[in-house]
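Peer 1: Quick one: the structure is below, and I'll ask about it shortly.
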Amino acid sequence: MFHKTEDQKGSFLEQTKAARKERALEKQRETACITIQAYVRGWLTRTKVTKTILDNFDAALQDIPEDSTKPIHIPSHQVYKQVSRLAMVWKKERDKERFVKLCRYLVCSLDSESPKVSYVGVALNKDYVLKWITQMNDILWKCCIYLKDLKLEFSSDSKQAVLFLHVLVSFTSTNTWNVLKNKNMEMLKAGMNQLCANLMGQLFQKGFYLIMKDILVHGLGQIKITLKNVSLTAIITLSLRPLIAANFSDKLMTIFLIHILSVPALIQHLGKLAPECVNNMVTHKIFTKSLELLSSQQSMRIVFNALEGNYALCLLANLLELALIEKESSLKSLGVPSFVVVITGLLESCQNYVVNKQSNLTNWHPVLGWFAQPMDPALYSSIPYVKSQLHILWNSEITKIIFGDYLSELVKDTESPQPPSPTKNTHFSGTFLKKVFENKGNRTNIQKNYRLLGSPEVQRIILICSLYHTALNTLTQLQLDILTGLCYQNTLLHDLWLFLCSLGPNCGMKTFLDHLAINTKCSAPEFQMLQLFCDCMTHYVTILDDMEMYEQQKSFKLTDFIVLSNF
């Protein structure tokens, strides 16, 4: 009897539990159905709304011609509303053609002088101005995003790149805004200029220079140059605008050097494809401002650490190209010490990574030799251009400005020393006459006015020699080119020889020995000058033929070689 009661009770509990689970499952199924229906209905609604927005946008801009020279008459407020809605559902790949059409409209609208047609007219309404600025920031950044993904070797992509750059150029300056040409609009020009500067500033904050660098490196760093004149001009114009707006602040100049002026052979390509950009850089004194910035050791360190060896070498090459362009103006006034110090500093920074032999930690560099940093594959095609730029450093025009004329003036009254007269090995000549000639020679040496190592004119020559000595030890694969270039610079090598002779008896031997007691490692700039001369003379003698050395004796006479060997 008790067992039967317990079985009934257990069965009742099981049934109750099963019923409870069934109700819970039913509730879950109901919730799941509602959730699925909500998602489906939401998706259908969003799809419908998206389709409506896209259809309305397409209808609003269906009359935009591909030829931007044709006028348009679409009300700007109508387009503004459609663009605001498009931004809510925008997808990069799906809406690319729509965005291209929008960019064509924006460019065309600026040709109109009517505020109702020009897209700038929307910003003249105080109810829309803040939203318009936000919208333009978004549009301009989308232009940069699309630019980054384009393959400029394809004609269609190249045309789109020109269009996107056109939008960026047009809306970061008021120069093409015809609506401001009306007399009653002139008072707004200052405010609109500031608005453009703010738009450019927003692009800068998001990484504008990084994108421009990528485009320049890929467009110029190939065997076939894919960037055209229009695109190059637009990129350089855009790159200079933040600098001009910030009055060439150190921060902006540092970023400009790191991302733009370090592009391989940039100045050389600009000279061939867009010379007006080079003129623009000269006008804004980019070369002078770059030297002023890099003259600071801290700025030099920041720039080099960001670039490392590969791109620091490209920055150096571009500075040399600018120096050649401004050889008659800025270089003459800044050659020594600014130019020499900056170029030497960049070479020394690269030299820290140059090693003498191969190892597991080194990579081969076509200019620097074994280098303790990996070679960027994007630079291989640009190396021939960079090499030709580096040759400017020992170009006759550059050496004449920073070295030649000043050195020639210093030594114009200096005579080559005569070799010591041979003396017979007799007791008489070894006693009385020997002492007489020695005393006479000592008195002659005392009467001469020798230059001191610490004097300004000597330090200037030492500084320049240190530059070329550093170049020899850094650009290891161009050593023969450097030596040959210096040896055949008219009288440069002979003038340097006369300069050494002016430092004291026997080419300043005592002066150098006294200095060696202080600097035992021979690392001082004074010894670098001496090493440079010895390297050049060794190379010079090996390339002379017998006629040049013994008969013509153009620069060095045989007596000079005798004194040299004695030294």
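The values are calculated or read from the model by the stated rules, or taken from the named source; none is laboratory data. Just so you know, these numbers come straight off a predicted model, no measurement behind them. Using ideal geometry, Cβ is built from the backbone for each residue, glycine included, and neighbour counts are taken over all protein chains shown. Note: areas computed on protein heavy atoms with side chains; ligands, DNA, RNA excluded. Shrake-Rupley method; radii C 1.70, N 1.55, O 1.52, S 1.80 Å.
Peer 1: In this structure, does Leu257 turn out to be open to solvent by less than 50 Å² (accessible area, probe 1.4 Å) and either at pLDDT 90 or above or among the charged types (D, E, K, R) (or both)?
Peer 2: Numbers: open to solvent by less than 50 Å² (accessible area, probe 1.4 Å): yes; either at pLDDT 90 or above or among the charged types (D, E, K, R) (or both): yes.
Considered against the rule, which asks whether it is open to solvent by less than 50 Å² (accessible area, probe 1.4 Å) and either at pLDDT 90 or above or among the charged types (D, E, K, R) (or both), Leu257 comes out as yes.
Peer 1: With the condition being polar (S, T, N, Q) and open to solvent by less than 10 Å² (accessible area, probe 1.4 Å), I'd like the helices (runs of 4 or more DSSP H) fully within region 118-211 carrying at least 1 qualifying residues.
Peer 2: Working: elements: 129-149, 155-170, 189-206.
Here the list reads 155-170.
Peer 1: Right, another one. If Thr344 meets every condition in (1) free of Cβ contacts under 8 Å to residues at least 12 places away in the same chain; (2) of a type in the set (S, T, N, Q); (3) in contact with a Leu (Cβ under 6 Å, 6 or more places away or on another chain) apart from one, which number is that one?
Peer 2: For Thr344, the exception is condition (1).
Peer 1: Let me ask you something else. Tell me, please, whether a residue that is modelled with pLDDT under 80 and either over 23 Å from Glu548 (Cα atoms) or surrounded by fewer than 22 Cβ atoms within 10 Å (Cβ to Cβ) (or both) can be found in region 460-480.
Peer 2: Our first condition is that a residue be modelled with pLDDT under 80; within region 460-480, this holds for none.
No, there is no match, as no residue in region 460-480 is modelled with pLDDT under 80 and either over 23 Å from Glu548 (Cα atoms) or surrounded by fewer than 22 Cβ atoms within 10 Å (Cβ to Cβ) (or both).
Peer 1: Another one. Could you please let me know if Ala306 is within 15 Å of Val386 (Cβ to Cβ) and part of a helix (DSSP H, G or I)?
Peer 2: Details: within 15 Å of Val386 (Cβ to Cβ): no; part of a helix (DSSP H, G or I): yes.
So Ala306 fails the test.
Peer 1: Could you figure out which of (1) open to solvent by less than 10 Å² (accessible area, probe 1.4 Å); (2) farther than 18 Å from Leu168 by Cβ; (3) touching a residue at least 60 places away in the same chain (Cβ under 8 Å) isn't true of Ile235?
Peer 2: Status for Ile235: all satisfied but (2).
Peer 1: Residue check: is Thr414 part of a loop (DSSP other than H, G, I, E, B), at pLDDT below 75 and open to solvent by 60 Å² or more (accessible area, probe 1.4 Å)?
Peer 2: Working: part of a loop (DSSP other than H, G, I, E, B): yes; at pLDDT below 75: yes; open to solvent by 60 Å² or more (accessible area, probe 1.4 Å): no.
So Thr414 fails the test.
Peer 1: On to the next question. Just name the residue that is modelled with the highest pLDDT out of those in region 507-547 that are open to solvent by 60 Å² or more (accessible area, probe 1.4 Å) and not in a helix (DSSP H, G or I).
Peer 2: Of everything passing the filter in region 507-547, Ser523 is modelled with the highest pLDDT.
Peer 1: Determine, yes or no, whether Ser262 is assigned to a loop (DSSP other than H, G, I, E, B) and polar (S, T, N, Q).
Peer 2: yes
Peer 1: Still on this structure, please answer the following. Which of the residues that make up region 347-375 are open to solvent by less than 30 Å² (accessible area, probe 1.4 Å), in contact (Cβ under 8 Å) with a residue 60 or more places away in the chain and part of a loop (DSSP other than H, G, I, E, B)?
Peer 2: Selection gives Val367, Leu368, Gln373, Met375.
Peer 1: A further question follows. Please count how many residues of region 314-329 are free of Cβ contacts under 8 Å to residues at least 60 places away in the same chain and open to solvent by less than 20 Å² (accessible area, probe 1.4 Å).
Peer 2: From region 314-329, those free of Cβ contacts under 8 Å to residues at least 60 places away in the same chain are 315, 319, 322, 325-326, 328-329; that's our starting set.
From what is left, the residues that are open to solvent by less than 20 Å² (accessible area, probe 1.4 Å) are 315, 319, 322, 326.
Looking only at that region, the number is 4.
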